[in-house]
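The values are calculated or read from the model by the stated rules, or taken from the named source; none is laboratory data. Keep in mind that what you see is a predicted model, and the values were worked out from it rather than measured. Cβ: placed from backbone, ideal geometry, glycine included. Neighbour counts: every protein chain shown.
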Amino acid sequence: MIRATLAGLRSRRLRMLLSALAVVLGVMFMSAALVVTDTLGRSLRNLYAGLHGDTQVQVMAKQVLPGIGEHSATTPVPADLVRRVAGVAGVATATGVVSEDGARLVGADGKVIGTSFNRPRLGTNWTGERGLIRLRAGRAPAAPNEIAINAALARAARMQVGDRAAVLTQRPKQMFTVVGIIGYRGDRDSVGGTHEIAFHESVAAELMLGRPDVYSAVDVRAAPGVTPAVLRDRLRSALGDDVVVRTGDDLRATQSESAREDLATITQILLAVGGIALFVGVFLILNTFSTVIAQRTRELALLRALGARRRQVIGSVFVEALLVGLAASAAGAALGVGIAVLLPRLAGNTAVGDVGLSAATVSPAAVLTSVTLGLAVTVVAAFGPALRASRVPPMAALRAISAPDRPLTRLTVAGAVIGAVGVALLVIAFADGTDDIPLGTVLGGVLASFVGAALLTPLIARPAVNLIGRLFAWSPPGRLGRLNAGRNPRRTASTAAALMVGIALVTAVNVVLTSATASFHSTAADYYRADLILTEPTSTDRPQTFDPAILDRIRALPGVAAVAGVYDDLALTARGRTGIIAVDDIAAWWSTVKVEHVAGSLGPLAPDEVAADADTAADLDLQIGSPVKITFASGRSRTFTLAGTYRSDWSGGWLMPASVVPDLSRQQPSTGLVRLAPGASEADVRAQVNSLLADSPETVVTDPAGFVDIVTGVFRTVLALLQVLLAVAMLIATLGVVNTLALSVLERTRELGLLRAVGLSRGQTVQMVTAEAVAISIFGALLGVAVGTGLGAAVARALRAEGITELALPWTFLAAYLASGVVIGVLAATLPAVRAARTDVLRAIAHD
């Protein structure tokens, strides 16, 4: 049996190769992702072993809003804390450090220099060559108008020592002279792609923290003979509970973990692509083994007649699957390792390369995991065909080769049950309306839905393909192709399912994102009364700001009726952190947004008054006149009186007067709302406002519809990443159609010879095979669009409480997905059609 199995594999090398390619692609992505993960982990450990190398202990203020990441600035510590720390026994040096995100350098073209992967743009005070930092060229800043920039930023901005540069910070744009270029130990241009601008000590705190005489932290070195742990305990005892004291090792471990999570996005994308590839590959492998078993009915029957037991037949099929899976998995793992090994060279001086990505760490666990996954997928896909092979009776050797069609009842029932389970899991995942959506439940629901849809596909394959095939029924070859496509519904369904998975996944997400965008547009139109909105054009973790003096200049423009500057931040109340906004002109703000008055006064707020969203006030059991204690991200606390409550779609939380701006972590407005006077020209006013924003290049002027486009810009990024998954799935689906047609042509060798003998030309043969391929591909695309639209609509409906109130379909994309089915069919038919056209008539007729 083993010799017979090996001989069979040798005779079917091409068809097995096509199936193996699906496993190769999936395992390649899996292997690359796992190796890159190991490599990044080791590189980051090495990198952060040197970061803060001169910091044995660090002292920071206790964070008012722990766990909010880069969205809010660090709570600063006063400058006198440095003197207090220096006076503690065992301290050799204490250095006040300013290090905050938000220092944005403006390039020669007037645009702000951005970072890859949305990495921070740090503003620091120059404290000398410490830890990783090295002065690569020039000198240190010696005056308030001088800066040093790191090499990555210098390269991106095309600047060198001596150039003049504009910088945006917490203060209006200022001009500086670049006097130094910063590098990092290990000849790195940056730390993980971060841009850094080092200011002179005299201005760093004012520019980055909004006020002088404060620091982000205090870095401490211990005196000889004092361990960092001992010094940490002494500092905690001397400074009290208002500060957080950590050793350098703890600090480096925390930062390393944070950076690893940020860079894990690349790994997650690769794993997702590999997972989709392997899942789609199941259908291709299943189809190949099912077809091969059907064609080997007489061969298997002869083996049974010669004494082979059912267990031996099953074993022979599993041996084939093991050999194919092992070879494909090994090849995929090797290719993945190759990609990971080349990545450091390809990354160069990019943000990935700046992590210090060293030689690839090829761990046995990563390779073994990849090979095991590929092998498991192949064996699982071969399980059903192996059972069917064992059931071939010996008497089948005396009958026709083709196996009869089997009833679809059990397959249909199984598909309905599994599909129902998938839908139920999705309902459970989204029904509670919380932000913490269980990812495992969602993935399980999606997977079960896809499997259920795939199992139900044979039930509709024949009528659907016959209906689609009517598009080609105008010619005899087209009619023959239509009949061939519907001849074996299981094979057609399995081939179409491979294409369905990728298209359904992207369609479902696209429906959700399109519905969210349409809902936000509707909400914005209903909420905003402003004609123009000043905002940042990109969505970032830390919203960018502009000079508040611009708002006063806009108020003076002809045709402007009202202007409101909005400052947003996070703060702490009795029930935890919450969003707050401060407005410089409350009356103007009420006129530029749609707000429903609930209780109290919504007039101008006194410095000690606050207005709240009605739901927020009810949650805290507050009444008009109740005292409200609010702690700001800067660390300061104030008690306000609740003056009024309101209800609004977009401005939940707390509305505060401009008197709180000095307490905010960002002391410049992030949004400006402009309402025009009746009869004013929007185009003229917009042009004038744009001229006033010349010193704020990260701020744009738009209307409410454009503002929603900016807010939903991240949706387009997500969709672009999903298109990568679709491309991989379509590549594998194309291989599936090629494989199906190749097997079909081989199966119908005698039939093709008879057709050629009765007058079917080579061109008509090509047309017949192409019609069959296009019919199958269009069926898969239609199935994907239908399943994806249904899943997307269900998820969008479940997210109604999150603001997705409208269902909208991405018609352009849906049409493109259907058109892709035609393209895939034509491309996949090329080789099988040529082979069919070259069939020798006499040999084909004699074929048995």
Any chance A154 is among the aliphatic types (A, V, I, L, M) and surrounded by 15 or more Cβ atoms within 10 Å (Cβ to Cβ): yes
Filtered residue count, the range 803-824, keeping only those that are out of contact with any Phe, Trp or Tyr (no Cβ under 9 Å at 6 or more places or on another chain) and either part of a helix (DSSP H, G or I) or not assigned by TED's automatic domain parsing to the domain that holds L467 (or both): 13
Could you grab me the full set of residues in the range 821-840 that are surrounded by fewer than 20 Cβ atoms within 10 Å (Cβ to Cβ) and among the hydrophobic types (A, V, I, L, M, F, W, C)? V822, V823, V826, L827, L831, V834
Residue by residue through the range 109-148, note down the ones that are hydrophobic (A, V, I, L, M, F, W, C) and at pLDDT 85 or above. V112, I113, L122, W126, I133, L135, A137, A140, A142, A143, I147, A148
Return a yes/no flag: does the range 448-467 have any residue that is farther than 18 Å from G788 by Cα and in contact with a Phe, Trp or Tyr (Cβ under 6 Å, 6 or more places away or on another chain). yes
Positions within the range 97-113 being out of contact with any Ser or Thr (no Cβ under 8 Å at 6 or more places or on another chain) and of a type outside the set (K, R), in sequence order: D101, L105, V106, G107, A108, D109, G110, V112, I113
Scan of the range 92-105 for residues that are assigned to a strand (DSSP E or B), of a type in the set (A, V, I, L, M, F, W, C) and within 28 Å of the chain's Cα centre (by Cα), ordered by number: L105
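One line per residue, one yes/no per condition, for (1) under 30 Å from V661 (Cβ atoms); (2) among the acidic types (D, E):
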site	(1), (2)
R139	no, no
N145	yes, no
V161	no, no
A165	yes, no
Y184	no, no
D189	no, yes
E196	yes, yes
L207	yes, no
If you check L752, L693, L673, L741, which single one turns out to be buried (at least 23 other Cβ atoms within 10 Å of the Cβ), closer than 30 Å to V167 by Cβ and not β-branched (V, I, T)? L673
Based on this model, can you work out whether G210 counts as over 29 Å from A143 (Cβ atoms) and either buried (at least 23 other Cβ atoms within 10 Å of the Cβ) or not assigned by TED's automatic domain parsing to the domain that holds N150 (or both)? no
Checked against (1) under 30 Å from V566 (Cβ atoms); (2) without any contact (Cβ under 8 Å) to a residue 60 or more places away in the chain, V718 satisfies every condition except (2)
If I filter the range 163-179 down to residues being part of a loop (DSSP other than H, G, I, E, B) and touching a residue at least 24 places away in the same chain (Cβ under 8 Å), which single residue comes out as surrounded by the most Cβ atoms within 10 Å (Cβ to Cβ)? T169
Quick check on the range 525-551: of everything there that is among the hydrophobic types (A, V, I, L, M, F, W, C) and at pLDDT 85 or above, which residue is surrounded by the most Cβ atoms within 10 Å (Cβ to Cβ)? L534
What is the number of the single condition among (1) touching an Asp or Glu at 6+ places or on another chain (Cβ under 8 Å); (2) buried (at least 18 other Cβ atoms within 10 Å of the Cβ); (3) among the aliphatic types (A, V, I, L, M) that V628 does not meet? (1)
Scanning the range 678-701 residue by residue, the ones that are under 29 Å from the mean Cα position of the chain (by Cα) and either at pLDDT 90 or above or not β-branched (V, I, T) (or both) total 3
Taking interchain pairs and intrachain pairs at least six residues apart, which have beta carbon atoms under 7 angstrom, with the first residue in the range 519-537 and over 18 Å from E682 (Cβ atoms) and the second in a helix (DSSP H, G or I)? F520/V708; F520/V711; H521/A705; H521/V708; P537/I710
Looking for something farther than 25 Å from V512 by Cβ and out of contact with any strand residue (DSSP E or B) (no Cβ under 8 Å at 6 or more places or on another chain) - is there at least one such residue anywhere in the range 794-814? no
Write out, first by first residue and then by second, each pair whose Cβ atoms fall under 8 Å of each other, whose residues are 6+ apart or on separate chains, and whose first residue, in the range 198-222, is within 14 Å of D80 (Cα to Cα) while the second is among the acidic types (D, E) and crowded, with 23+ Cβ neighbours inside 10 Å. S216/E100
Considering (1) buried (at least 21 other Cβ atoms within 10 Å of the Cβ); (2) over 30 Å from H195 (Cα atoms); (3) at pLDDT below 70, say which one G325 fails and leave the rest. (3)
Any idea how many residues of the range 552-587 are among the small types (G, A, S), within 23 Å of G635 (Cβ to Cβ) and buried (at least 18 other Cβ atoms within 10 Å of the Cβ)? 2
Could you say whether any residue in the range 108-125 is buried (at least 16 other Cβ atoms within 10 Å of the Cβ), assigned to a loop (DSSP other than H, G, I, E, B) and over 29 Å from the mean Cα position of the chain (by Cα)? no
Looking only at residues that are of a type outside the set (D, E, K, R) and surrounded by fewer than 23 Cβ atoms within 10 Å (Cβ to Cβ) in the range 489-511, which one is farthest from L741 (Cα to Cα)? V509
Residue in the range 427-486 that is modelled with the lowest pLDDT, counting only those that are out of contact with any Gly (no Cβ under 8 Å at 6 or more places or on another chain) and of a type in the set (F, W, Y): F430
Any residue in the range 265-276 that is more than 19 Å from A366 (Cα to Cα) and at pLDDT 70 or above? no
